[in-house]
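Chemist: Take a look at the following structure, please.
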Amino acid sequence: MTKTKLTVRDIRLMKEKGEKITMLTAYDARFASLVDESGIDMVLVGDSLGMVVLGYESTVPVTMEEMLHHARAAKNGVRRAVLIGDLPFLSYQVDVREAIANAGRFLKEAGCDAVKLEGGEEVCATVAAITKAGIPVVGHIGLTPQTAGQLGGYKVQGQELGSAKKMLRDAKALEAAGAFALVLECIPDRLAAAITEAITIPTIGIGAGSACDGQVLVTHDLVGMFEKFVPRFVKQYANLAPQIKEAIAAFRDEVRSGAYPDAAHSFPMQDAVVQRLREES
Ligand code: KIV
């Protein structure tokens, strides 16, 4: 694995070379450095921030300021991976000029390499304008959480012929608009395979089967730190939440019993100094 900084071009070339692409989320410097040092190719500061870190019910309330704050922190942990900032709900839908300005803020104020936004043909003019402004864009179709309400909730998308055909059209349109990669969320594996074959830019799947050119997950899901809801497509490679709670409970008990801090976790003082201190107090 190369230690040099990856670029958007490297990600595109990985598809050509048949190399699988890995992407994970991070919202702070510590997690970003753990992900980056583990050799993950792209770090996404996702608007899943809203649910995973900020405790919101959905991604809808997430603001540009919140995204930039966390993207700046994540940037401090990333050396090698391509860093992507997720444009939050209504930061790119109102008008194209505002979309370019907001996308630009991720590069200028947070040091991101690219941005991601949700939607198909309806956002292609925006994708083209942002790309033309010199900002690399990742598309995102299938289950698009910012508009999950319109899609009937957090459900698999593209199971019927009509919606599958629309998704294929969306993918081709996003490629033509200049997107350099495309997230496919929660769609049948064979539809993802058809899209992956039909376009030259890499597809990054999340709940979209193994034929995609790469895979993305929310890091807190894969390490078992988000217990509220575990989607079918999430594989938990660790189960940290119970371990963290165990450690915290042990701290609580030891403080209450006086077992912590013991001598090994305290700073000693020489007897003579203690004696003088006593005399003077
Ligand atoms: O916000 C996010 O974390 C995402 C990924 C799950 C693709 O959009």
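Since every read-out is calculated from the coordinates, none of them should be taken as a lab result. On a predicted model such as this, the values are computed, not experimentally measured, just so you know. When we count neighbours, we look across all protein chains shown, and the Cβ atoms used for this are built from the backbone with ideal geometry, even at glycine.
Chemist: Around T4, with a cut-off of 10 angstrom between Cβ atoms, what is the net charge of the other residues, counting Lys and Arg +1 and Asp and Glu -1? Numbers along the way, then the final one.
Modeler: Details: positive: K3, K5, R79, R80; negative: D10.
That works out to +3.
Chemist: Nearest 10 degrees is fine. How inclined is helix 8-17 to the longest principal axis of the chain, computing both from alpha carbons?
Modeler: 70 degrees
Chemist: Using the Kirkwood radius over Cα pairs, work out the Stokes-Einstein diffusion coefficient for segment 170-243 at 10 °C and 1.306 mPa s, in µm²/s as a whole number.
Modeler: Working: Rh = 13.2 Å.
Rounded to a whole number, D works out at 120 µm²/s.
Chemist: Further question on the same structure: Counting only residues 5 or more places away or on other chains, whose amide H sits under 5 Å from the amide H of G46 once H atoms are built in the peptide plane?
Modeler: Counting only residues 5 or more places away or on other chains, the set is A26.
Chemist: For A181, what residues show an amide H to amide H distance below 5 Å, using hydrogens built from the backbone and excluding near sequence neighbours?
Modeler: Close amide H contacts, sequence-distant or interchain: G139.
Chemist: Please build a GNM for the chain, connecting alpha carbons under 10 Å apart, and tell me which residue among K155, K166, K245 fluctuates the most.
Modeler: Its mean-square fluctuation being the largest, the pick is K245.
Chemist: Nearest 20 debye, what's the magnitude of the dipole of segment 70-187 about its Cα centre given +1 on Lys and Arg Cβ and -1 on Asp and Glu Cβ? Walk me through the intermediate numbers first.
Modeler: Working: 14 positive and 12 negative charges, 79 e Å.
Rounded to the nearest 20 debye, it is 380 debye.
Chemist: Once you have the Cα-Cα distance between Q159 and R232, take 0.36 nm times their residue separation minus that, and quote the gain in nm to one decimal.
Modeler: Numbers: separation 73, 0.36 × 73 = 26.28 nm, distance 1.64 nm.
Between Q159 and R232, full extension yields 24.6 nm more.
Chemist: Which order do C186, C124 fall in if you start with the one that has the fewest other Cβ atoms within 10 Å?
Modeler: C124, C186
Chemist: Under a point spin-label approximation (7 Å from Cα along Cα-to-Cβ), what is the R9-D95 distance to one decimal in nm?
Modeler: A separation of 3.6 nm, rounded to one decimal place.
Chemist: What does the charge add up to near K108, with Lys and Arg as +1, Asp and Glu as -1, over the other residues with Cβ less than 13 Å from its Cβ?
Modeler: Numbers: positive: R72, K75, R105; negative: E109, D113.
Once positives and negatives cancel, what remains is +1.
Chemist: Going by Cα centres, segment 211-277 and segment 93-151 are how many Å apart?
Modeler: 36 Å
Chemist: Same structure again: Where does each of H220, H265, H140 land when they are ranked from fewest to most other beta-carbon atoms within 10 angstrom? Write down the numbers at each step before the final one.
Modeler: Numbers: H220 22, H265 7, H140 28.
In order of increasing Cβ crowding within 10 Å: H265, H220, H140.
Chemist: Here's something else I'd like to know. Per the Debye formula with a single identical scatterer at each Cα and no solvent contribution, what log10 I(q)/I(0) holds for the chain at q = 0.14 Å⁻¹?
Modeler: After summing over all Cα pairs, the log10 values are -0.96.
Chemist: Hey, if you put +1 on the Cβ of every Lys and Arg and -1 on every Asp and Glu Cβ in segment 122-274, which of Q215, C124, A193 ends up farthest toward the positive end of that dipole?
Modeler: Sorting the options by dipole projection puts first C124.
Chemist: While we're on this one: Here are some pairs, K75/K165; K116/K228; K15/K245; K3/K108; K17/K75; K17/K132; which of them have Cα atoms lying more than 31 Å apart in this structure?
Modeler: Details: K75/K165 38 Å; K116/K228 25 Å; K15/K245 41 Å; K3/K108 24 Å; K17/K75 28 Å; K17/K132 26 Å.
Violating the 31 Å limit, Cα to Cα: K75/K165; K15/K245.
Chemist: May I ask you to list the trypsin sites (Lys or Arg not before Pro) in segment 169-235 that are in a DSSP loop and have at most 14 other Cβ atoms within 10 Å of their Cβ? Show your work: numbers first, answer last.
Modeler: On the way: sites: R169, K172, R190, K228, R232, K235; in loops: K228, R232, K235.
Within segment 169-235, the qualifying trypsin sites (Lys or Arg not before Pro) (loop, at most 14 other Cβ atoms within 10 Å) are K228, R232, K235.
Chemist: For the chain, what is the calculated [θ] at 222 nm in deg cm²/dmol (nearest 500), taking -39500 (n - 2.57) for each run of four or more DSSP H residues and dividing by its residue count?
Modeler: Details: 11 runs with 116 residues, N = 281.
Calculated from helices alone, the mean residue ellipticity at 222 nm is -12500 deg cm²/dmol.
Chemist: Label-point separation (nm) for A125 and L151, each offset 7 Å from Cα along Cα-to-Cβ?
Modeler: 2.4 nm
Chemist: Right, something else. Which order do E279, E98 fall in if you start with the one that has the fewest other Cβ atoms within 10 Å? Could the numbers behind the result be given before it?
Modeler: Working: E279 7, E98 14.
Going from least to most buried by this count: E279, E98.
Chemist: Tell me, in nm to one decimal, what length is gained between K108 and A198 on full extension, where the rule is 0.36 nm per residue of separation less the Cα-Cα distance?
Modeler: On the way: separation 90, 0.36 × 90 = 32.40 nm, distance 3.38 nm.
Using 0.36 nm per residue and subtracting the Cα-Cα distance, I get 29.0 nm.
Chemist: Something else about it: When the chain is fully extended, how far beyond the present Cα-Cα distance does R278 get from K17, taking 0.36 nm per residue of separation? Numbers along the way, then the final one.
Modeler: Values: separation 261, 0.36 × 261 = 93.96 nm, distance 7.36 nm.
Between R278 and K17, full extension yields 86.6 nm more.
Chemist: Return the loop-located trypsin sites (Lys or Arg not before Pro) in segment 66-137 (DSSP other than H, G, I, E, B) with at most 15 other Cβ atoms within 10 Å of their own Cβ; answer none if there are none. Write down the numbers at each step before the final one.
Modeler: Working: sites: R72, K75, R79, R80, R97, R105, K108, K116, K132; in loops: R79, R80.
In loop regions of segment 66-137 (DSSP not H, G, I, E or B), the sparsely surrounded trypsin sites (Lys or Arg not before Pro) are R79.
Chemist: Given +1 on the Cβ of Lys and Arg, -1 on the Cβ of Asp and Glu, and no further charges, what dipole in debye does segment 159-262 carry about its Cα centre, rounded to the nearest 20? Intermediate values should be presented prior to the final figure.
Modeler: Details: 11 positive and 13 negative charges, 70 e Å.
It comes to approximately 340 debye.
Chemist: Let me ask you something else. Once you charge only the Cβ atoms, +1 for Lys and Arg and -1 for Asp and Glu, what is the size of the charge dipole of segment 8-238 about its Cα centre, to the nearest 20 debye? Don't skip to the end; give the middle numbers.
Modeler: Working: 24 positive and 28 negative charges, 75 e Å.
That gives segment 8-238 a dipole magnitude of about 360 debye.
Chemist: Run the numbers on the chain and let me know its relative contact order in percent, using alpha-carbon pairs under 8 Å that are six or more apart.
Modeler: This gives 15 percent for the chain.
Chemist: Quick one: longest stretch of the chain between exposed loop chymotrypsin sites (Phe, Trp or Tyr not before Pro), exposed meaning at most 12 other C-beta atoms within 10 Å and loop per DSSP?
Modeler: Working: sites that count: F229, Y237.
Free of exposed loop sites, the longest segment is 1-228.
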